[in-house]
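What follows draws every value from the coordinates through simple rules; no lab data is involved. Please read these numbers as outputs of a predicted model, since none were measured by experiment. All Cβ positions, even for glycine, are placed from backbone atoms using ideal geometry, and neighbour counts span all protein chains on display.
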């Protein structure tokens, strides 16, 4: 059994790698070489990456692709996508091309409100607490002015501070529920700094509030933290066209295709088992853009899935209808994104990706990202209701299979041609490669 190590974080990168490979790998030399192979040869750039997080030993690269031909609000985009899954970029590109010829995507930001909370325990009467809160409300704003001045100059800041009684959920539990406008910044550090200031003011003013008993004066702040559930930081993206224009495939008439799409979305609304996979496909597109633009895809995921369950049952994020001969397909979801701060200015490729997107504002990035999710879902569901998901996905996955099987360049070229007219399965690819290598 490997003994624990003390002071690991203080070791040099080389020393960290030596200790790890010696104690946890079968071939320390090969493992060390592999880690070094993924370092950036530009020393300054590698140091920048090393300083993003702690205890860095190498880089885990994510493929960066681009999906062109996205017409959004009459503006053409090529959308960068960072993702490792086969067929995602191809599917998004196919959907973008299909809808570009039918008027493109329309996207609208419905709100940009972000949320943070001060959670605290108070043992007295709510009416007393409410009177106290009203008496210090202006001071909560005033005491945080040094934090909000710069944001206010950009049109942002604190939108509201509300006292909420949560004692029905937990004894003596209350919160300051606070809303913010952070403009082009994602705003996590700004929001958390404001919340900690609110907590400090809350505690200090309580100690001096004469109407409180001695026990009531000692408000216990449990924590002050932003929420990644932002149901009022919303964006909607949609596409529509006459049903007869839904000529996606020669194998299915437009009216039948439209009806199948509406039915498939209805199933994802009604059945959580289907909805989870349905929304995962949407997040293939969304996460890829969020990651490529240096935003927090984990926060986005958490908020989006909470929103999908906001009515008490997990359901589809997308919607579809046929009305008056028009097929309409749309998505509505919360996206707290930023285009300034964090990695958006630090990571060179993130800066380039934002430039490729024509340096969007946070609101524009919300629209672009929502469209990527809608396009991904349209591509996935349209495949499901026509040819099935595997036909296209497995063809995109072919190179991964060939690489796993050790095919050389010439073998790949021949087998790519072979599988243009044959069904792709792992067994089929392995057999075809074996046949190629040993025709007898």
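For the reader, a short list of remarks on this structure follows.
- Within the range 117-128, restricting attention to residues that are free of Cβ contacts under 8 Å to residues at least 60 places away in the same chain and in a helix (DSSP H, G or I), the residue that is nearest to residue 221 (Cα to Cα) is 126.
- Identity of the residue in the range 75-92, assigned to a strand (DSSP E or B) and touching a helix residue (DSSP H, G or I) at 6+ places or on another chain (Cβ under 7 Å), that ends up surrounded by the most Cβ atoms within 10 Å (Cβ to Cβ): 79
- In the range 321-338, the condition of being in contact (Cβ under 8 Å) with a residue 12 or more places away in the chain, farther than 30 Å from residue 261 by Cβ and crowded, with 21+ Cβ neighbours inside 10 Å is met by at least one residue.
- Whenever a residue of the range 20-39 is touching a residue at least 40 places away in the same chain (Cβ under 8 Å), it has no partner that is outside any helix (DSSP H, G or I) and surrounded by 14 or more Cβ atoms within 10 Å (Cβ to Cβ) lying with C-beta atoms less than 7 angstrom away and at least six residues away or across chains.
- First in the range 210-221 and without any contact (Cβ under 8 Å) to a residue 40 or more places away in the chain, second anywhere and surrounded by 10 or more Cβ atoms within 10 Å (Cβ to Cβ), Cβ under 7 Å, 6 or more apart: 217/206; 217/207; 217/209
- Out of 195, 140, 234, one residue alone is within 26 Å of residue 303 (Cα to Cα), buried (at least 19 other Cβ atoms within 10 Å of the Cβ) and in contact with a helix residue (DSSP H, G or I) (Cβ under 9 Å, 6 or more places away or on another chain). It is 234.
- Residues (at positive phi and within 20 Å of the chain's Cα centre (by Cα)) located in the range 63-110: 87
- The range 94-116, residues that are over 12 Å from residue 374 (Cα atoms), touching a strand residue (DSSP E or B) at 6+ places or on another chain (Cβ under 8 Å) and in a helix (DSSP H, G or I): 97, 100
Let's see how each residue does on (1) within 18 Å of residue 365 (Cβ to Cβ); (2) in contact (Cβ under 8 Å) with a residue 12 or more places away in the chain; (3) more than 10 Å from the chain's Cα centre (by Cα):
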residue: 281; (1), (2), (3): no, yes, yes
residue: 312; (1), (2), (3): no, no, yes
residue: 344; (1), (2), (3): yes, yes, yes
residue: 347; (1), (2), (3): yes, yes, yes
